[in-house]
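Before any comments, here is the structure.
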Amino acid sequence: MTLHIVGAGGFGRETLDAVRATAAAPEVVFVDEHPAATTLTGCPVLLPGQLAASGGQQDEFVIAIADAEVRRRLARQFEDRGLRATTVIDPRAVVSPTARIGRGCVVLGQAFVSAGTVLGAHVQVNYHASVGHDTVLEDFVTILPGANVAGSVTVGAGSTVGSNAAVLQGRRIGPSVMVGAAALVTRDVAAGQLVVGIPARAR
């Protein structure tokens, strides 16, 4: 079995670190649409078109790209090629046994995912981020480093919570929202908005 990490940038390397921290790390191949090199930290880097011969039903992929729309497009592309989305959880993360983690998620080291939390497909929770109890992160959500999402929050599909931002208890964030770095979300946020500041307001 080969794990294909889609995206050979910084988050791809962080995802590889999480994979290598596991007890039985699989063989890893990077896949990138615009590769800067043919190898990265000892792993080959392929173009998507080079997967025709190597992709198989036993092979897996995880997308290590922050942009939610790109992630969505690539997820469809790789599933159509017969690869299976897998989840990467760094063993240095804390994930409640009652949390539900969808396919294709990445949870990096020192992240905290609390009791009753639901992560949809292809969600990314970066290092030192925390997700409170009973929170729902819908498909393709990105939680950037150091962000704190409190309990019973809903974050809509394709939204991003920026580095060191905080979302207060019980808030609802619509789909395709960008919460700026260090913002404090005290109210619900409608779909498609960019919110910044303390308290966070639409820009």
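Please count how many residues of the stretch 13-26 are open to solvent by 70 Å² or more (accessible area, probe 1.4 Å) and either at pLDDT below 90 or among the β-branched types (Val, Ile, Thr) (or both). Adding up the residues that qualify gives 2. State whether the residues of the stretch 187-194 include one that is crowded, with 18+ Cβ neighbours inside 10 Å and closer than 17 Å to residue 125 by Cβ. Within the stretch 187-194, not a single residue is crowded, with 18+ Cβ neighbours inside 10 Å and closer than 17 Å to residue 125 by Cβ. Just so you know, in the stretch 77-105 the residues that are closer than 21 Å to residue 152 by Cα and of a type in the set (Val, Ile, Thr) include one that is surrounded by the fewest Cβ atoms within 10 Å (Cβ to Cβ), and it is 98. Residues in the stretch 118-148 that are part of a strand (DSSP E or B) and either within 21 Å of residue 91 (Cα to Cα) or acidic (Asp, Glu) (or both): 10 in all.
Scanning the stretch 141-158 for residues that are under 20 Å from residue 116 (Cα atoms), open to solvent by less than 30 Å² (accessible area, probe 1.4 Å) and out of contact with any helix residue (DSSP H, G or I) (no Cβ under 7 Å at 6 or more places or on another chain) yields 141, 143, 147, 149, 150, 151, 153, 154, 155, 156, 157.
The residues in the stretch 166-184 that are crowded, with 21+ Cβ neighbours inside 10 Å and farther than 20 Å from residue 139 by Cβ can be counted, and the count is 1. Look at residue 66 and say whether it is open to solvent by 20 Å² or more (accessible area, probe 1.4 Å), closer than 24 Å to residue 178 by Cβ, assigned to a loop (DSSP other than H, G, I, E, B) and in contact with a helix residue (DSSP H, G or I) (Cβ under 9 Å, 6 or more places away or on another chain). Answer is yes for this residue.
The values are calculated or read from the model by the stated rules, or taken from the named source; none is laboratory data. Quick caveat, the model's predicted, so the values are computed rather than measured. As a convention, Cβ positions derive from the backbone with ideal geometry for all residues, glycine included, and neighbour counts pool all protein chains shown. For the accessible areas, the whole protein counts, side chains as well, though only heavy atoms, and no ligand, DNA or RNA atoms are used. Shrake-Rupley method; radii C 1.70, N 1.55, O 1.52, S 1.80 Å.
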